[in-house]
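Written out below as structure tokens is the structure these notes cover.
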Amino acid sequence: VQLQASGGGLVQTGGSLTLSCAASGRIFTGNAMSWFRRAPGKEREFVASIRWGSGSTYYGDFVNGRFTISKDGPKNAVYLQMSNLKPEDTAVYYCAGRSGSHYVTYERDWNNWGQGTQVTVSS
């Protein structure tokens, strides 16, 4: 299954943006999907994840209620709604998938990656 992320762009501080990740094939109940991000000069960082079957979600500590991960089962798509964006949210955002638990924050434990989409938040 190939993953295709989209929806990035330029937004002002305090603005909102929704990222989408479309899978080329079916995502199964036992799978999990996630969003990571990589800011310039930094390592890739866990943002959020969702268990496909239950819809249970998990977020990185920095999110503080500003982001929401969701899924569309029939479309095999996952979304990241971002609000109250800050300049420090500027990064390339990646979607990723794995089989099993979504309570996994290390990138090495996610084995299927899409290409990134750039999010730039201007001050």
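Mind ranking Asp61, Asp109, Asp89 by accessible surface for me, highest first, 1.4 Å probe?
Numbers: Asp61 145, Asp109 60, Asp89 0 Å².
Highest to lowest solvent-accessible surface, that is Asp61, Asp109, Asp89.
Could you grab the relative contact order for the chain? Cα pairs under 8 Å, six or more apart, rounded to a whole percent.
Taking the mean separation of contacting Cα pairs over the length of the chain, I get 36 percent.
State whether the chain is rounded, prolate or oblate according to the following rule on the C-alpha gyration tensor (a ≥ b ≥ c being the square roots of its eigenvalues): a/c under 1.5 gives rounded; otherwise a/b larger than b/c gives prolate, and the remaining case gives oblate. If you can, show how the numbers build up before the last one.
Values: a/c = 1.69, a/b = 1.61, b/c = 1.05.
Because a/c hits 1.5 or more and a/b exceeds b/c, the chain counts as prolate.
How much accessible area does Glu107 have with a 1.4 Å probe, in Å² rounded to the nearest 10?
60 Å²
Provide the FRET efficiency to the nearest 0.05 for the Asn84-Asn112 pair, computing r from the beta carbons and using R0 = 22 Å.
Numbers: r = 30 Å, r/R0 = 1.35.
Efficiency for this residue pair is about 0.15.
Which of Thr57, Thr105, Thr29 ends up with the largest GNM mean-square fluctuation for the chain, with Cα atoms connected below 10 Å?
Thr29
Can you pull out the chymotrypsin sites (Phe, Trp or Tyr not before Pro) in segment 38-105 whose DSSP state is coil and whose Cβ has at most 11 other Cβ atoms within 10 Å?
When the chymotrypsin sites (Phe, Trp or Tyr not before Pro) of segment 38-105 are filtered for loop state and at most 11 Cβ neighbours within 10 Å, Tyr103 remain.
List the trypsin sites (Lys or Arg not before Pro) within segment 1-75 that fall in a DSSP loop (any state other than H, G, I, E or B) and whose Cβ has at most 14 other Cβ atoms within 10 Å.
Working: sites: Arg26, Arg37, Arg38, Lys42, Arg44, Arg51, Arg66, Lys71, Lys75; in loops: Arg26, Lys42, Arg44, Arg66, Lys75.
Taking segment 1-75 and a limit of 14 other Cβ atoms within 10 Å, the loop trypsin sites (Lys or Arg not before Pro) found are Arg26, Lys42, Lys75.
Quick check on segment 72-121: take the gyration tensor over C-alpha atoms, sort the square-rooted eigenvalues as a ≥ b ≥ c, and tell me if it's rounded (a/c under 1.5), prolate or oblate.
Working: a/c = 2.01, a/b = 1.49, b/c = 1.35.
Prolate, since a/c reaches 1.5 and a/b exceeds b/c.
Working with all protein chains in place, sort Ser123, Ser24, Ser6 by solvent-accessible area computed with a 1.4 Å probe, largest first.
Details: Ser123 135, Ser24 85, Ser6 55 Å².
Listed by decreasing accessible area, they come as Ser123, Ser24, Ser6.
Calculate the length of the line joining the C-alpha centroid of segment 81-123 to that of segment 17-67, in whole Å.
If you average the Cα positions of each part, the centres end up 6 Å apart.
Using protein chains only and a probe of 1.4 angstrom, how many square angstrom of Ile27 are accessible, to the nearest 10?
Surface open to solvent at Ile27 totals about 10 Å².
The values are calculated or read from the model by the stated rules, or taken from the named source; none is laboratory data. Note that the structure is a prediction, hence the values are computed from the model and not measured. Virtual Cβ from ideal backbone geometry, glycine too; neighbours counted across all protein chains shown. Only protein heavy atoms, including side chains, enter the accessible area calculation; ligands, DNA and RNA are left aside. Shrake-Rupley method; radii C 1.70, N 1.55, O 1.52, S 1.80 Å.
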